[in-house]
Amino acid sequence: MAFWWPLLVLALAYALCRFLLMLIPPNVPSIEVDTSDVVDDGGQARDNSFIYIPPRGRTQQADRKVQCYEPATMKYLGYFPALTTAEVEERVAQARKAQKIWAKSSFKQRRQFLRILLKYIIDHQELICEISSRDTGKTMVDASLGEIMTTCEKITWLLSEGEQWLKPEYRSSGRSMIHKRSKVEFYPLGVLGAIVSWNYPFHNIFNPMLAAVFSGNSIVIKVSEHASWSGCFYFRIIQAALTAVGAPENLVDVITGFAETGEALVSTVDKIIFVGSPGVGKMIMSKASETLIPVTLELGGKDAFIVCEDVDVSHVAQVAVRAALQSSGQNCAGAERFYVHKDIYSSFVTQVSKIVKSVTAGPPLAGKYDMGAICVQEHSERLQNLLNDALDKGANIVIRGSFGNLGEDAVDQFFPPTVIENVNHTMKLMQEEKRAKQIASQIHCGVAAVNDFASNYMCQSLPFGGVKHSGFGRFAGVEGLRACCLVKSVVEDRWWPFIKTKIPKPIQYPVAENGFEFQESLVEALYGLNIWDRLRALVNVLKFLSDQHPSGIKRSD
């Protein structure tokens, strides 16, 4: 007892000191970001503001402009340039110069960058969410859940564990190289490129940027043409934080444009990260093959929501509707599939119908529900076509939400939550999504949540990604962080200069007549399954090494 008592006192003292240190707020400077052109001050009535009407018969690429507008109201927000190939190459070249400087930065400096961002995000949640809401049509609550919380969680994880996972990792050297020390080192790849989708504009920018910058890279991000307005504002936050820590200019860049801009980015960076559709993902892979750069693809895919017979029906109905409505506006096909046990099918449909009846589509900033806003105009027509096809082939509508005080012409911007049943795989609605076949571990997927949905992404220590048409590669976690690195294997002398690697005499050039016999004995001595066979082989190895006449010794067995 006398021995353990001092150790216990020291442990308690250490824990108390750590706790007291937690009470001392870190010295994190505040940053100022210009919001004068993005804040709606209410001086102009929204109904009387300029309404954007997409032009017919010509592409925006030809106009060299990315036009921006609120998808819920069609209020015009302005435009950004569609960068040419030469302009993209110049931006990447500038990022490459900045990266060479940043690669030498300390983790202390990188952590301070993260803390500055975290402080700004927490202090300006409403601003960030409102800008996301206006540019994508989602509600403030959905913006907070999908944009703010996930990003804060990623920053917190990087602050806590990021450095330790980027330090050299020592590995076993094996039996033949026991005199060596083996390790894996992680170096920045250089300039990363990211082409991200519109659905979560804040997090889709910050997610690859945080991992890239923390691991010593620079990054150039092409934001979606459907969410360039918000993306370019979020870029100002990043710029201000980088300036505050003395990071080189152009370490992070956000570019705008269309297909030509994205292709140019793929052709000039050291790795490409893509978030979007499977069709475009295939084109990204094809383009990346020209320079043989690594690719991470996050292609969405759809969840199989499997409802077993022993669930709390009222609770799972709430979860199911939330999952469906959050994904309906965020994915191309906009359909969530539920596999419900027959014993609870009727009660489940009844509970879901009650909830859907209370959901009214409307402008996101005024709504209480994520009502399936459609950021891209043609997606609403596509959804309706999928629904019509299913109805023509025998499906029927169980319940459909309303538009409230909006006219039926609002279908261009809103799609009411719709529940249909009696669907099968002859219907396009089913053919265009990922299939789930069995429960739990037998589902071939990259992410699985038990008794929940979307909880995986809030655990930023876990890798996130899919399989098959949902893409490959991983974001988040150790795997996502190290995916930003050149992984280098290093072997060095463990006890140099006392023990050094030397080629055994029987296999030195010119190889002795018994050189192969020596190798046979060496392999068996190192890897044989039977200890006695290994000892006998070791004796032979020593005989070969001590033999002055290499051709005279034969194996004893």
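For region 62-86, filtering for residues that are outside any helix (DSSP H, G or I), closer than 18 Å to E260 by Cβ and in contact (Cβ under 8 Å) with a residue 60 or more places away in the chain leaves 6.
Of all residues in region 164-210, those being of a type in the set (V, I, T), assigned to a loop (DSSP other than H, G, I, E, B) and within 30 Å of S224 (Cβ to Cβ) number 1. Considering region 1-19 alone, what residues qualify as being in a helix (DSSP H, G or I) and open to solvent by 90 Å² or more (accessible area, probe 1.4 Å)? Across region 1-19, the qualifying residues are W4, W5, L10, L12, Y14, L16, R18, F19. The set of residues in region 189-203 that are open to solvent by 10 Å² or more (accessible area, probe 1.4 Å) and either touching a Ser or Thr at 6+ places or on another chain (Cβ under 6 Å) or of a type in the set (S, T, Y) (or both) comprises S197, W198, Y200. Note on region 516-525: residues that are open to solvent by less than 20 Å² (accessible area, probe 1.4 Å) and farther than 22 Å from I178 by Cα amount to 0. State yes or no: is R91 surrounded by fewer than 23 Cβ atoms within 10 Å (Cβ to Cβ), touching an Asp or Glu at 6+ places or on another chain (Cβ under 7 Å), more than 15 Å from L242 (Cα to Cα) and in contact (Cβ under 8 Å) with a residue 40 or more places away in the chain? Considered against the rule, which asks whether it is surrounded by fewer than 23 Cβ atoms within 10 Å (Cβ to Cβ), touching an Asp or Glu at 6+ places or on another chain (Cβ under 7 Å), more than 15 Å from L242 (Cα to Cα) and in contact (Cβ under 8 Å) with a residue 40 or more places away in the chain, R91 comes out as yes. The selection criterion, being more than 30 Å from N27 (Cβ to Cβ) and touching a residue at least 40 places away in the same chain (Cβ under 8 Å), does not hold for S105.
For region 404-428, a residue qualifies if it is assigned to a strand (DSSP E or B) and at pLDDT 70 or above, and the qualifying residues are T418, V419, I420, E421. Failed condition for L522, given (1) at pLDDT 70 or above; (2) within 30 Å of L391 (Cα to Cα), with all others met? The number of the failed condition is (2).
The set of residues in region 233-252 being in contact with a strand residue (DSSP E or B) (Cβ under 6 Å, 6 or more places away or on another chain) and open to solvent by 10 Å² or more (accessible area, probe 1.4 Å) consists of F235 alone. Only residues that are touching a helix residue (DSSP H, G or I) at 6+ places or on another chain (Cβ under 7 Å), in a helix (DSSP H, G or I) and touching a residue at least 24 places away in the same chain (Cβ under 8 Å) were counted across region 263-291, and they come to 9.
Within region 211-229, the set of residues being in a strand (DSSP E or B) and at pLDDT below 95 is empty. No other residue among S228, S267, S218 is of a type in the set (S, T, Y), open to solvent by 10 Å² or more (accessible area, probe 1.4 Å) and either under 17 Å from the mean Cα position of the chain (by Cα) or in the same structural domain as R64 (by the TED database) (or both) apart from S267. Summed over region 94-117, residues that are open to solvent by 40 Å² or more (accessible area, probe 1.4 Å) and part of a helix (DSSP H, G or I) total 11. Would you check which residues across region 74-88 are of a type in the set (G, A, S) and surrounded by 19 or more Cβ atoms within 10 Å (Cβ to Cβ) and list them? Of everything in region 74-88, just one residue is of a type in the set (G, A, S) and surrounded by 19 or more Cβ atoms within 10 Å (Cβ to Cβ), namely A82. Residue count for region 526-549 satisfying the condition of being open to solvent by 70 Å² or more (accessible area, probe 1.4 Å) and assigned to a helix (DSSP H, G or I): 11.
Looking only at region 66-73, decide whether some residue is within 17 Å of F202 (Cα to Cα), under 20 Å from the mean Cα position of the chain (by Cα) and surrounded by 16 or more Cβ atoms within 10 Å (Cβ to Cβ). There is no residue in region 66-73 that is within 17 Å of F202 (Cα to Cα), under 20 Å from the mean Cα position of the chain (by Cα) and surrounded by 16 or more Cβ atoms within 10 Å (Cβ to Cβ). Within region 126-171, being in contact with a His (Cβ under 9 Å, 6 or more places away or on another chain) and farther than 15 Å from H203 by Cα holds for no residue.
The values are calculated or read from the model by the stated rules, or taken from the named source; none is laboratory data. All values reported here derive from a predicted model rather than from experimental measurement. When we count neighbours, we look across all protein chains shown, and the Cβ atoms used for this are built from the backbone with ideal geometry, even at glycine. Just the protein is used for accessible areas: all its heavy atoms, side chains included, with ligands, DNA and RNA removed. Shrake-Rupley method; radii C 1.70, N 1.55, O 1.52, S 1.80 Å.
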